[in-house]
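Read through the structure below, which is laid out as C-alpha cells, and then see the notes.
Each reported figure results from applying straightforward, stated rules to the coordinates on display, with no laboratory input. What you see is a predicted model; the values in this text were computed from it and never measured. Because the Cβ atoms are built from the backbone with ideal geometry, glycine has one as well, and the counts that use them run over all protein chains shown.
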Amino acid sequence: MRATAVTSDEPVRRDKAILVVECYALGMIAVVRSLGRAGYRVHAVSSQADALGFHSTFVARHAQHPAYGSAEFIPWLDNYLAEHRIAAIIPSEGFLHAIAAHYDKYRTLLPDAVPIEVCSVCMSKVSTQLKLLELDPNCTHLPPGGVVYEHDPLPSPEQLASHRKPFYLKADVGQAKEGRGAVAMRCETIDDLRREMALLRPHYRALLWQSYAPGKKVGVSLWRHNGTYMAESMTIGVHMGPHTGGMMSLRKGFWHEQILADAKQKMAALQWDGIGMMEYKWNPETDEFWFIEINARYWGYLHLDLFCGKDFPRLQLDGYFGHRARDLGPARRKLSCRSTIPGELGYLGSLLKDRQVSKWRKLREIVLFFCLFLHPTQKADLLFPNDRGLYWLQWKRFLAEAARR
C-alpha cells in the first residue's frame, strides 16, 4: 500500500529556518541533507566546534553552542531562536533532556510534540519496558529480563541461570542521580552482570537487564502524526560494529509485516507521536522477534531511507507546516548502505581480532570490504549527492588521527 498527497512548494520551504541539533551525528547529518535539499534554510548547531555536519553544502548557517549541562545553554538557545526566527527545531535525545525543565516553552517549535510525561517515558529504556508491561502484563515479543530498583536485591545466580547469555545492562539519564549519563553494556557472564549491577545501582533509581535475543537487528522507522501512521520503512543489519553486536555498520532494506504491526502497536501504546525507530531482534530460522527499545528521535540509519526514497524529515516538516503527505509500504528502491568509517572499519577490525573467527571468514570479509566500493547498489552514508565532500573530509580526519597515533 502506498499513499501520496500534495507536498509543500519551494517558496514556502525557503521561508522557514529550521534548527537541527547535534550535527556531528550521522542521523542528524541526514536530516540536514533532507531538509536542505527540500529547500528549507537549515541552521546546524552543535557543542562541537568542528562538527562534521557544519561542512555540508545544505547548511545555510552553523553555530557552536554551550554544553547542554551548562547554565549558558538555555539563554543561548533563546537568543538564537529569536535572532534567526527559527520556525522549527529537530531535536535529539540529548537536546530533549537539556530542555526538560523548560519543555513547554519550546513545545510549539517541536514537530509532533507530545506531552512531557510521554516524552520522558519514551526517552527511558527502563520506563518504556515498565509502561508496556503496565498496559499489558503479558506483553509479547519482549526479551526475557527485568528491572532492578535501587533498594532491590540483585537477581541471584540461580535466577539468572536459566537465561541466555550474554546479558545487556542499561541505565537511563532519566533514572540517573548526580547527573550521571546513560549506560548500555554487554555482560558475558552472570558474575559480570551482577558485578556491574552492584556498581551502577547506587547511581541510578532503576536498571534494566535483558538476556540475549538471537538473530539479526531490525529497525522499524515510523512517522506517526496525530495517531495516524504517515510513513514507514524497515532496515535489517548485515554487519554490526563491533561484529559481536552494535550499530548496523552495513544494512539493507527489509520488510516483515508481523514485526511492523507489533512496532505500530507498541508505539501507539506508548502514545508516541512523531518520528521514531523501533529496534528489534529477529531470528530468521524460527521467525521469532523481540522488541528491544524505542529510539524516539531520528535514527543513525536514516541515509539508507533517503537513498531509497523514504524522505522522513521532509515529510514530517512539510506536515508540521500543514502540507501532509503519506509514504506507506516498502521502499521503491532496494539498496544497501554502510558507514564506511568508522562503522565498517570497526566491524572488520573487531572481526580480525577475534580468535574465534576462522581465517577464511576473515579473508572473505577483507575482500568484501573492498569489493563493496564498486558494487552498483551499495551506498555510503556520507557519499551523498551534491554533498560528497563530507565523505572525503571524514576520510581525511580518520587518516590524520591514524597517523597521529
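Side notes on the structure shown:
- Restricting Gly322, Gly329 to residues that are outside any helix (DSSP H, G or I) and farther than 30 Å from Glu257 by Cβ narrows the list to Gly322.
- Checking each residue of region 361-378 against the condition of being touching a Ser or Thr at 6+ places or on another chain (Cβ under 7 Å) and over 17 Å from Leu52 (Cβ atoms) gives at least one match.
- Search result, residues across region 69-85 that are loosely packed, with under 15 Cβ neighbours inside 10 Å and free of Cβ contacts under 8 Å to residues at least 24 places away in the same chain: Ser70, Ala71, Glu72, Pro75, Asp78, Asn79, Ala82, Glu83
- With respect to the conditions (1) more than 27 Å from Val183 (Cα to Cα); (2) touching a strand residue (DSSP E or B) at 6+ places or on another chain (Cβ under 7 Å); (3) crowded, with 17+ Cβ neighbours inside 10 Å; (4) not β-branched (Val, Ile, Thr), Ser47 falls short on a single one, namely (1).
- Strands (runs of 3 or more DSSP E) (entirely within region 189-275) containing at least 3 residues that are of a type in the set (Gly, Ala, Ser): 228-241
- Filter pass, His62 being touching a residue at least 40 places away in the same chain (Cβ under 8 Å), of a type outside the set (A, V, I, L, M) and either more than 26 Å from Lys177 (Cβ to Cβ) or buried (at least 19 other Cβ atoms within 10 Å of the Cβ) (or both): no
- Residues that are within 18 Å of the chain's Cα centre (by Cα) and assigned to a helix (DSSP H, G or I), drawn from region 119-160: Cys119, Ser120, Val121, Cys122, Lys125, Val126, Ser127, Thr128, Gln129
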